[in-house]
Amino acid sequence: MFSSFLILKTMYYQLYISVHNNLQKPFNRSDHIIYLLLVLQRVLMNLCTIDKEYMEKLVVGIDIGGTLTKIGIADRKGNVFADSQFPTGDYDELFDYQQELTKQINNLKDQIDIPYELIGLGIGAPNANVYRGTIEYAANLAWKGVVPFVEELSKHIDLPIKITNDANAAAVGERIYGNAAGMNNFIVITLGTGLGSGIYSGGSMIYGHDSMAGELGHVVIDHDGRMTGLGRRGGLEAYVSSTGLKRTIFHLLSEYMDETPLRDVSYNDLHGEYITERAEKGDKIALEAYHRTGKILGQQLANFVSFSHPEAIFLLGGLAKSGKWIFEPTQKYLDEYILPFYKGKVKLLASGMTGKNAAILGAAALIWDEV
């Protein structure tokens, strides 16, 4: 309040001096009024420029999922000032979806009761191309083919916009808001419906030739194995993900005859939280499912270390929330399969984004990463 008073006082004094100096010249009344208005306009423009220095700089973060779109407005410290969500699948046409997205953003802007300036909009989305601003052949979205998402959204929103895939956004978020602060070489593995990955090397995200580098969830580990959602047989995410864990449970139920309440749950009703609950109660099937999942993940992380030698690997997402049940076997087999000259040099860590509004902050971090 005191700063604003000093600014106004200074502007008033500048206006007085400007007018006083010019009053020494002959002038008619209309000329003087026009001059006063021009000077006042200049002063007000200066005042607005100075005021921006006192405004909170904020960013819009958007996470586009197959089920929900999550939106929030956040600052550099990770505070989310307003957030909302709406069903992605309700909008088959991109134009209708982006109109609703714009409406939601404007509603959130109205909820913020501090002086602020929006400096950009970051988006995490499936199969997003950071170079072209497109979403390309996303299996879980209604808009098919190559969608010029940023180009079309720019017709609704006048802000700098950056888009990348959700796993890359998670990695940028880990560096800005999470446990990778100060790290230049690390990998973030997202363990949700599938397995995503974001890779930093030498302080930069690895995007590759056409923005699609680092799809570690589609590395084939068994050419005669399970089918992934993209029709790739034996892809890693068919084994190591929330979905993969469920598939392993049902495989084990056919392999073993042990009695377990897991037999009474249908595939569609089975969730990771219940599998963790059964593991905590010593359920043999649940324990074995986590052991096999962690073994595969640990073996593959040992391979991944060889191409970028990260300082740390972070696990994020629903499967990572099981804690020791996934971390302990993963660490065991990472240590067993890693090459000798990497031993003791790579940390396996929980994401610092867990418990935060990770999807929104990851998307927002795309803008903060360039400020």
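The values are calculated or read from the model by the stated rules, or taken from the named source; none is laboratory data. Note that the structure is predicted; figures quoted are calculated from it, not measured. Neighbour counts run over all protein chains shown; Cβ positions are idealised from the backbone, glycine included.
Observations
- So K162, is it in contact with a Gly (Cβ under 7 Å, 6 or more places away or on another chain), touching a residue at least 24 places away in the same chain (Cβ under 8 Å), charged (D, E, K, R) and closer than 18 Å to R76 by Cα: yes
- The sole residue among A139, A180, A169 that is assigned to a loop (DSSP other than H, G, I, E, B), within 26 Å of N303 (Cβ to Cβ) and modelled with pLDDT of 95 or more is A180.
Residue by residue, here is whether (1) of a type in the set (D, E, K, R); (2) part of a helix (DSSP H, G or I); (3) in contact with a Lys or Arg (Cβ under 9 Å, 6 or more places away or on another chain); (4) surrounded by 15 or more Cβ atoms within 10 Å (Cβ to Cβ) holds:
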| position | (1), (2), (3), (4) |
| --- | --- |
| T193 | no, no, no, yes |
| S211 | no, no, yes, yes |
| G217 | no, yes, no, yes |
| V240 | no, no, no, yes |
| D258 | yes, no, yes, no |
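- From the options E370, E288, E280, residue that is acidic (D, E) and within 27 Å of I221 (Cβ to Cβ): E288
- Against the list (1) part of a helix (DSSP H, G or I); (2) on the phi > 0 side of the Ramachandran plot, the condition R263 fails is (2).
- Residues in the range 266-284 that are outside any helix (DSSP H, G or I) and not charged (D, E, K, R): S266, Y267, N268, L270, H271, G282.
- K332 meets all of the listed conditions (1) in contact with a helix residue (DSSP H, G or I) (Cβ under 6 Å, 6 or more places away or on another chain); (2) farther than 30 Å from I62 by Cα but one, namely (1).
- Residues satisfying the stated conditions in the range 55-84, i.e. outside any strand (DSSP E or B) and more than 16 Å from Y116 (Cβ to Cβ): G65, G66, T67
- In the range 343-371, residue modelled with the lowest pLDDT [restricted to those that are among the hydrophobic types (A, V, I, L, M, F, W, C) and part of a loop (DSSP other than H, G, I, E, B)]: V371
- Test for N179: is it over 15 Å from the mean Cα position of the chain (by Cα), more than 30 Å from K109 (Cβ to Cβ) and either of a type in the set (D, E) or surrounded by fewer than 24 Cβ atoms within 10 Å (Cβ to Cβ) (or both): no
- Under the condition of being among the aliphatic types (A, V, I, L, M) and more than 19 Å from the chain's Cα centre (by Cα), the residues counted in the range 194-227 number 4.
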